[in-house]
Every structure is written in C-alpha cells, then in structure tokens.
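Working notes, beginning with the structure itself.
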Amino acid sequence: RRGAEGIREQIQAALPQVLAAGPVKAAGIGFGGPVDDATATALLSHQIPGWDGFPLAQWLTDVTALLMAWR
C-alpha cells in the first residue's frame, strides 16, 4: 500500500533479526524491473511506485553495513 517506501521499511525492520542470527558475509536483493548495471540503480518498477532512479545496492549497503558486490 505504501509503495517502495513501505517495502524498504519492512526490509529495515526485518534486518536486525536476520543479522542477529549469525555472521552475515553477504546480502543480495532481487528486483522485478529494469536496473542500471553500471550504477546498481533501480530504474523503475512497473508494479510498485517509488523505485524510479533508486540506488538499490547503495541503500542495501547503508542499511546492512555490509559491502555489496554488484555484478
């Protein structure tokens, strides 16, 4: 209901439990829309508003404190 912001809030709310479960060496995320490989930026979502030009890999790095290796 709250678009991309609501999804990001849900991910952030779940992270403490995931990270507390044991050592995490890496994290990944899937995205159902076009992504700019050079910048690891979500270009847009056809289903959920709020992802246009969103720096997905950098955001995940920031909220997990883990270094993301973008491929």
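Please treat every number below as a calculation from the coordinates, not as lab data. Quantities reported herein were computed from a predicted structural model and do not represent experimental measurements. Here the Cβ positions follow ideal geometry from the backbone for every residue, glycine too, while neighbour counts run over all protein chains shown.
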Between a residue in the stretch 1-22 that is without any contact (Cβ under 8 Å) to a residue 60 or more places away in the chain and any residue that is of a type outside the set (S, T, N, Q), which pairs come within a Cβ distance under 6 Å, given they are 6 or more apart or on different chains? Gly3/Ile48; Gly3/Pro49; Gly3/Gly50; Ala4/Ile48; Ala4/Gly50; Ala4/Trp51; Glu5/Gly50; Gln12/Val63
When the stretch 1-54 is checked residue by residue, the ones that are hydroxyl-bearing (Ser, Thr, Tyr) and either exposed (fewer than 11 other Cβ atoms within 10 Å of the Cβ) or assigned to a loop (DSSP other than H, G, I, E, B) (or both) are Thr39, Ser45
